[in-house]
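The values are calculated or read from the model by the stated rules, or taken from the named source; none is laboratory data. All of these numbers come straight from a predicted model, not from anything done at the bench. Reconstructed Cβ throughout: ideal geometry from the backbone, glycine too, with neighbour counts over all protein chains shown. Areas reflect the complete protein model, heavy atoms only, side chains present, ligands, DNA and RNA absent. Shrake-Rupley method; radii C 1.70, N 1.55, O 1.52, S 1.80 Å.
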Amino acid sequence: MPEHGQSWRYSCYIEANYPHPLPNRKVRLSSPATPEVNDQEAALKAETGRHLDRSLMHGVAWTGGMKWVTQVFSWAATLIIARLLTPADYGLMTMANIYLGFIALVNEFGLGPAIIRQRDLTEDQISALGGVSVGLSVALWIFSIGVAVPIAWFFEEPAVRWIIMALGVTFVTTGLKVLPRSLLTRDLRFKRVAAIDAIEAMGAVVVTLVLAALGFRYWSLVLGGIVGSLISCIMALRWCPHRRHWPKSFESVKPSILFGWHIVVSRFAWYFYSNADFAIVGRLFDKVTLGGYSFAWSLASIPVTRISSLVGQVTPAIFSAVQDDKEQLKRYMLRLTEGLAFITFPFSVGLALVAREFVLVALGPEWKPAIVPLQLLAFYAGLRSITTLHPQILTSVGRAREQMRYSLLALFVLPPLFFIGGKLGGPAGVAWAWIVGYPLIMIPPYRDVFQVTGITLKEYIASLWPAALGSAGMAAGVLGAAELLPSTIAPVEALIVKSIVGGALYVVLVLGLQRDRLRVLRNMLSQFKR
């Protein structure tokens, strides 16, 4: 394995694993001088595309395999933990995470995406960026200890102070992990990246479950997160060692830091508007209501977030490799969007349709307040799943500043809608604000993504149509079946009937009406076998 940090690392990796080398670290071909050169470069470009297709599918396969093995266990453990803990325990964690999640965005300072995109960084520049990441993470932990008291005072919950102080240690472990994880991703070593994430998730879940059973209450969630982060940090440092130092001159890393700054501001804005609903629900109501709303959000987001995130761990490196090839960006964008919709649309619609029965059977009657928010947030999660590729596309082509502006726009639009929704309709009103407001703020990013990739509105709608049609038919069938069920049927029986009817209808509609579209996706998946 070549030494990490060399500017030629990506080319060496491709050459070592495939019979034909890439012409450059990016897929960028010069204008041909003769027809023969044109043919050669066309063949090389096609071969490069196949190489990246295989890397994409191998990456998704490894990431998906690791995640689904851990998530099957995590989902079951989450339901058990929810029965061992209380909504108040989750409410306390949510209060602390409003701050901790915000500071975690600064922890990386956008340096991970900068390392992935900028493939010509020298060894010294990479080491300096690693030093900046670690130094900043230590400073943030110290800062968090100082502000823990006023945050606890704001929520009028003393326990929040100790939660913030304890979880601040994860800032340091994350800062140490930024450099090796980014290098592994840039080198398309997705197997190891997936293993690091799986180890972290499994470690956190096991520790949380054991401590919850022992009666540690919310501390089981705190200590589980610390142990998982520590284990993944050790594995990342072991699999991708790299020296770090504080930069002697910031001029050498200024472009990377500026690029990272745009990403950080964008994440700041995203964090504020995506967590403003938690803050508003917590302030307008109480910790029990907040716990129910936040758990509904978590349940609605689990299928979509897990699927989107496993793709999102692979696609930045792929988009970066083809950032100068508009045709390839378009191809990946359409196929990935269609694939995401095929999976996430039925999950989201199905969860919304069976939300009542699922909550009563899996969680118990004390979680009833979470039913309506879960129904609404599940629909929103399906919409959100197909927009996760947009920031990656814009960032990969160097438009981090534009993405930052769109996030700032959302920051000014969504929180007022949450407040109005909460005042008028309680937690359900806040969920409605997501459904109404989110499509509005996505109009400008859609325009830029279409411009960058050359995608037309007709092509994009065509990529979503098979999944949308199948989900609509599934919804109609489940609602019809619900009308025929007797009112005395038990929730568990209704859950089983609705799930079977919905799943069967979706499969029949997709297989019966969209065979051509499925054939295209199957051909892409076949790259994995080659």
Using a basic spin-label model with each label point 7 Å from the Cα along Cα→Cβ, how many nm lie between Ala472 and Phe412? 3.5
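Assuming R0 = 25 Å, can you tell me the calculated FRET efficiency for the pair Gln451 and Thr122, based on Cβ-Cβ distance, to the nearest 0.05?
0.15
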Please calculate the 1.4 Å probe accessible area of Trp239, with all protein chains present, and give it to the nearest 10 Å². 60
Accessible heavy-atom area order of Arg186, Arg161, highest first, probe of 1.4 Å: Arg161, Arg186
For the pairs Lys287/Lys368; Lys254/Lys326; Lys191/Lys254; Lys177/Lys254, flag any whose C-alpha to C-alpha distance is greater than 25 Å. Lys254/Lys326; Lys191/Lys254
Can you put Ser499, Ser144 in order of accessible area, largest first, using a 1.4 Å probe? Ser499, Ser144
Which length gain, in nm to one decimal place, applies between Val149 and Ile234 when the Cα-Cα distance is subtracted from 0.36 nm times their residue separation? 27.5 nm
Subtracting the Cα-Cα distance of Val72 and Leu258 from 0.36 nm times their residue separation yields 63.0 nm
Ranked highest first by the average count of other Cβ atoms within 10 Å around their residues, in what order do 433-439, 387-393, 360-366 fall? 387-393, 433-439, 360-366
Full-stretch length increase - Ala462, Arg283 - with 0.36 nm per residue and alpha-carbon distance subtracted: 60.2 nm
When Lys and Arg each count +1 and Asp and Glu each count -1, what net charge do the other residues less than 11 Å away from Thr453, Cβ to Cβ, add up to? -1
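What is the projected area of the convex hull of the Cα atoms of the stretch 83-209, averaged over all directions, in nm²?
Numbers: hull surface 34.9 nm².
So the mean shadow area of the Cα hull is 8.7 nm².
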